[in-house]
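**Q** This is the structure, below, for whatever I ask next.
The values are calculated or read from the model by the stated rules, or taken from the named source; none is laboratory data. None of the values given here were measured: they were computed from a predicted structure. Positions of Cβ are backbone-derived with ideal geometry, glycine not excepted, and every protein chain shown enters the neighbour counts.
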Amino acid sequence: MKRSAVGWWFAGVLAGFTGLAVNYALTEWFNQPGAVIAVADFVRDHSPAGIVNWARENSGKKITVPAILLILVLVFALIGRLARDRWWVAVAGYGAVGVLGGAAVLTTNGATVARLVPVAVGYVAMVGALSLLGERLGRLQALDDQQVFGELWRGRRRDFLVVVGAVFGVAGISGIAGRVLGGDVRKQKEEQKSLRLPVTAPVVPSGVRVDVDGVQPWMTPADEFYLIDTAFSRPVVLAEDWSLRIHGMVDREIVIDYNDLIARDGVEAWITLNCVSNEVGGDLIGNAWWSGTLLAPLLREAGIQDGADAVLQTSDDGWTCGTPLTEIMDGRQAMLAVAMNGEPLPRDHGYPVRTIIPGLYGYVSGTKWVVDMEVTTFDQIDAYWTQRGWGELGPVKIASKVEVPSSGDEVSAGEVVVAGTAWIQHTGISAVDIQVDGGPWTSTDLGRAASTDTWVQWKATVELEAGDHTVTVRATDAQGNVQTSVRADVLPDGATGWHSVDFTAT
Ligand SMILES: Nc1nc2c(c(=O)[nH]1)N[C@H]1C(S)=C(S)[C@@H](COP(=O)(O)O)O[C@H]1N2
Ligand SMILES: [Mo]
């Protein structure tokens, strides 16, 4: 009869995940990047540009961590199996996993050797759990695979699972507890509640809305605002711990903390933010009332040296963004924002401080959890997305969208209301025209523009007979430039082309 190995496969996986759970618990308590997340970051940062660009939207983010865990299941199973006959394999195998995790943790932004402690403790937990299990497995040695399965199934060898289950469960629960109670997530919520920011509540200006059902709200609520970032686990940064360092080609380096920041002259503005990855007709765009302080005076205090043309911004999680200095300094409301729609920034949108610069796509301007700004030149830097083939400057392109009706809708024939939005931040929209079924272009009524930095809503009423119809929209900017019909992909510097919807009138 063949000695059973299944128990050892299992034990290898359980012990491995016990270690991961312990690592997770500790890193959550101490608000450090966990080893699995650190590995995911490392994989993302060292993957070919083509893969990262393909996976850049949030769906790509969702598969990385599960894929790493799946690989670990296989590796842990193998370690367990081999450890049955050669105990040193467990020590070395888990050790190798630990070394990889430790190396990844050391590449995280702001890493110190202290971040190795949770990795080391996780490793000890792996080896310890396997040795506990191994002792119990000794008693199963005489059985073959089928019998072992049977024993486990009937629960007769519950002690096999109970030990590791207990460690695993305790670690998992304390990880969650760490996050909710001990870690900074709860502190952050309390801090957000207790902040008394010198900001005003948003008041949607009169006349900006066309009041058509189905057109997205002119002010985007924070919880409906699109989310784009590379973080597998969004950083939890406390305002009390936050500071921003301004250095590089400056006369005087500046380090500013949160209280200094909110004590400065305030600025508040409606600004529409959009993503360079927004497809024609897409929804990676939102409009909010942002409050903060202007960036230009701060940089002027630091004293920008001749020849500088860029600011390399870095976030708490190590993401980088190269911003043209001209747009920061030219008088537009380029700000360090602390509030969105009158409330402290939500964590996911960059609490406690992010950058907002009207007229530039988010990837070259809107750094969330910003902690560092280096005044420099584009020659010397290679920011996160620029390294992966995206444009260096990232000015927003003119765009427009039909939101009502939606493609595939059925409407009643006769007078049909068509409406949507159009934008080119910091230039402004002067006209929006529509074309029905390839006919002549006709003008639409625009909502009032709150400023050139926001989107505008538009609407028109058209007479339609029963049947299938297509409506196409195009906008004209404040300088008279008409939106091009030429389709361009979002890569490298933003989509172009007209948006159309197909629907049926009955
Ligand atoms: N730290 C950090 N900031 C970031 C990013 C990121 O990946 N990390 N992505 C940028 C991109 S591509 C966009 S479009 C905006 C989106 O901001 P939002 O998620 O608040 O809508 O954030 C920008 N700031
Ligand atoms: Mo973006």
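**Q** Of the conditions (1) free of Cβ contacts under 8 Å to residues at least 12 places away in the same chain; (2) surrounded by 19 or more Cβ atoms within 10 Å (Cβ to Cβ), TRP289 satisfies every one except a single condition; which number is it?
**A** Of everything listed in (1) free of Cβ contacts under 8 Å to residues at least 12 places away in the same chain; (2) surrounded by 19 or more Cβ atoms within 10 Å (Cβ to Cβ), TRP289 misses just condition (1).
**Q** Do you know which residues across segment 262-277 are within 16 Å of ligand 2 (Cβ to nearest atom) and part of a strand (DSSP E or B)?
**A** Within segment 262-277, ILE271, THR272, LEU273, ASN274 meet the criteria.
**Q** Let me ask you something else. Select from segment 322-356 the residues that are outside any strand (DSSP E or B), more than 18 Å from the chain's Cα centre (by Cα) and within 20 Å of VAL204 (Cα to Cα) and list them in ascending order.
**A** GLN333, ASN341, GLY342
**Q** Of all the helices (runs of 4 or more DSSP H) wholly in segment 56-146, which have at least 1 residues that are in contact with a Lys or Arg (Cβ under 6 Å, 6 or more places away or on another chain)?
**A** 87-106
**Q** Please work out if ILE71 is exposed (fewer than 13 other Cβ atoms within 10 Å of the Cβ) and at pLDDT 95 or above.
**A** yes
Here's the yes/no breakdown for (1) outside the structural domain of THR272 (by TED's automatic domain parsing); (2) touching a residue at least 40 places away in the same chain (Cβ under 8 Å); (3) surrounded by 21 or more Cβ atoms within 10 Å (Cβ to Cβ):
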{"residue": "THR421", "(1), (2), (3)": "yes, yes, yes"}
{"residue": "ASP437", "(1), (2), (3)": "yes, no, no"}
{"residue": "SER451", "(1), (2), (3)": "yes, yes, no"}
{"residue": "TRP458", "(1), (2), (3)": "yes, yes, yes"}
{"residue": "ALA466", "(1), (2), (3)": "yes, yes, no"}
{"residue": "VAL471", "(1), (2), (3)": "yes, yes, yes"}
{"residue": "ASP477", "(1), (2), (3)": "yes, yes, no"}
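**Q** In the set VAL199, VAL204, VAL210, which member is under 28 Å from VAL418 (Cβ atoms) and buried (at least 18 other Cβ atoms within 10 Å of the Cβ)?
**A** Step by step, each of VAL199, VAL204, VAL210 is checked, and only VAL210 is under 28 Å from VAL418 (Cβ atoms) and buried (at least 18 other Cβ atoms within 10 Å of the Cβ).
**Q** Something else: With the structure loaded, tell me whether GLN387 is within 16 Å of ligand 2 (Cβ to nearest atom) and either modelled with pLDDT under 95 or assigned to a helix (DSSP H, G or I) (or both) or whether it fails that test.
**A** Yes: the conditions hold for GLN387.
**Q** If you don't mind, another one. Among what's in segment 227-259 and is in a helix (DSSP H, G or I) and either in contact with a Ser or Thr (Cβ under 7 Å, 6 or more places away or on another chain) or not aromatic (Phe, Trp, Tyr) (or both), pick the residue that is surrounded by the fewest Cβ atoms within 10 Å (Cβ to Cβ).
**A** Top of the filtered list is ASN259.
**Q** Could you list all residues from segment 278-304 that are within 16 Å of ligand 2 (Cβ to nearest atom), of a type in the set (A, V, I, L, M) and not in a loop (DSSP other than H, G, I, E, B)?
**A** Result: ILE285, ALA288.
**Q** Got at least one residue in segment 84-105 being within 30 Å of CYS275 (Cβ to Cβ) and in contact with a helix residue (DSSP H, G or I) (Cβ under 7 Å, 6 or more places away or on another chain)?
**A** Checking segment 84-105: at least one residue is within 30 Å of CYS275 (Cβ to Cβ) and in contact with a helix residue (DSSP H, G or I) (Cβ under 7 Å, 6 or more places away or on another chain).
**Q** Taking GLU403 as meeting all but one of (1) outside the structural domain of ASN481 (by TED's automatic domain parsing); (2) buried (at least 21 other Cβ atoms within 10 Å of the Cβ), write down the number of the exception.
**A** Going through (1) outside the structural domain of ASN481 (by TED's automatic domain parsing); (2) buried (at least 21 other Cβ atoms within 10 Å of the Cβ) one by one, GLU403 breaks only (1).
**Q** Do you know which residues across segment 339-363 are of a type in the set (S, T, N, Q) and either within 11 Å of ligand 1 (Cβ to nearest atom) or crowded, with 24+ Cβ neighbours inside 10 Å (or both)?
**A** Across segment 339-363, the qualifying residue is only THR355.
**Q** Would you be able to say whether some residue in segment 307-318 is within 11 Å of ligand 1 (Cβ to nearest atom) and β-branched (Val, Ile, Thr)?
**A** The answer is yes; a qualifying residue exists.
**Q** Now for a separate question. Six or more apart or on different chains, Cβ under 8 Å: which pairs go from a residue in segment 263-282 that's under 29 Å from LEU298 (Cβ atoms) to one that's charged (D, E, K, R) and away from ligand 2 (no atom under 13 Å from the Cβ)? Could you list them?
**A** Pairs that qualify, where the first residue is under 29 Å from LEU298 (Cβ atoms) and the partner is charged (D, E, K, R) and away from ligand 2 (no atom under 13 Å from the Cβ), are ALA269/ASP453; TRP270/ASP453; ILE271/ASP453; THR272/ASP453.
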